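Report on the structure given below.
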Ligand code: PEP
């Protein structure tokens, strides 16, 4: 039985005071039964948000990091630094990072391995563009991203990861993949994991859907056989909506 995981991706939104205000709005009402609940926040907020949500089941994650331990990498941040401020999750390979910051399948794989070695749970994003979907190559694009991300990752480590299937055309656009479209690709991802790791391991890895998830559509999305959670951008920034999402 895979435990559902709902994660907010706050992107480059919220100052410390705004994050604390959000925490105060949700903290007496955010207990969920059998749902893992995460907020992936900007670096500067992580520590204060963690403190503000102390005593709740909300875990804090980051949205990116560098795969090296340390070094002359101006502007970068390491997995150890994230752990030190209390992050337990980190998004890896979000399409915005692939598109604007040169994230590649190779760096995604390096980050997955480094996150795991530092006991950070990587939320590994994969997904196709609208052009790729229209050309009928969604399955190839997504399974190639999965193969690359999990290259030389052991089955014991693989089960600690979370995958987020996020069709690029559905992120921040208001266009949601239908639940059937989303589940179809999540099934293809699980079949690829089955080829790589066998049944026992592939059945344990959680796959989220992401792309314009809102309080109004999360129930339908979460009812699908191979969707184990959601990675939510815009709607996760509003306390009232976040509470509805985690209590889907
Ligand atoms: C995201 O940022 O990963 C995302 C899915 O955004 P949104 O929910 O706003 O589409």
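The values are calculated or read from the model by the stated rules, or taken from the named source; none is laboratory data. For clarity, every value in this text was computed on a predicted model and none was experimentally measured. Note that each Cβ is placed from the backbone with ideal geometry, even for glycine, and that neighbours are counted across all protein chains shown.
Screening residue 144 with (1) away from the ligand (no atom under 16 Å from the Cβ); (2) touching a helix residue (DSSP H, G or I) at 6+ places or on another chain (Cβ under 9 Å); (3) modelled with pLDDT under 95 gives one miss only, at (3).
So in the stretch 65-98, with the set limited to residues that are in contact (Cβ under 8 Å) with a residue 40 or more places away in the chain and within 20 Å of residue 168 (Cα to Cα), which one is farthest from the chain's Cα centre (by Cα)? Going through the qualifying residues, I end up with 96. Those residues that are away from the ligand (no atom under 16 Å from the Cβ) and touching a helix residue (DSSP H, G or I) at 6+ places or on another chain (Cβ under 7 Å), I need them from the stretch 5-21; list them, please. Those that are away from the ligand (no atom under 16 Å from the Cβ) and touching a helix residue (DSSP H, G or I) at 6+ places or on another chain (Cβ under 7 Å): 16, 19, 20.
Residue 175 meets all of the listed conditions (1) at pLDDT 95 or above; (2) over 22 Å from residue 104 (Cβ atoms); (3) within 11 Å of the ligand (Cβ to nearest atom) but one, namely (1).
Just checking, does the stretch 167-184 include any residue being under 20 Å from residue 38 (Cα atoms) and crowded, with 20+ Cβ neighbours inside 10 Å? Break it down into steps so the answer makes sense when it comes.
We begin by selecting, within the stretch 167-184, every residue under 20 Å from residue 38 (Cα atoms); these are 171-172.
Checking the rest, the ones that are also crowded, with 20+ Cβ neighbours inside 10 Å come to 171.
Yes, the stretch 167-184 has at least one match.
When residue 220 is tested against (1) under 18 Å from the mean Cα position of the chain (by Cα); (2) at pLDDT 95 or above, only condition (1) is not met. Which of the residues spanning the stretch 216-248 are within 30 Å of residue 192 (Cα to Cα) and assigned to a loop (DSSP other than H, G, I, E, B)? Of everything in the stretch 216-248, those that are within 30 Å of residue 192 (Cα to Cα) and assigned to a loop (DSSP other than H, G, I, E, B) turn out to be 217, 223, 224, 225, 226, 227, 228, 233, 248.
Each residue in the stretch 227-248 was checked for being more than 13 Å from the ligand (Cβ to nearest atom) and surrounded by fewer than 19 Cβ atoms within 10 Å (Cβ to Cβ), and 5 pass.
With 59, 47 as the choices, which residue is in contact with a strand residue (DSSP E or B) (Cβ under 8 Å, 6 or more places away or on another chain) and at negative phi? On inspection, the qualifying residue turns out to be 59. Residues of the stretch 189-215 that are near the ligand (Cβ under 10 Å from one of its atoms) and either without any contact (Cβ under 8 Å) to a residue 60 or more places away in the chain or in a strand (DSSP E or B) (or both): 208, 209, 210, 212, 213, 214.
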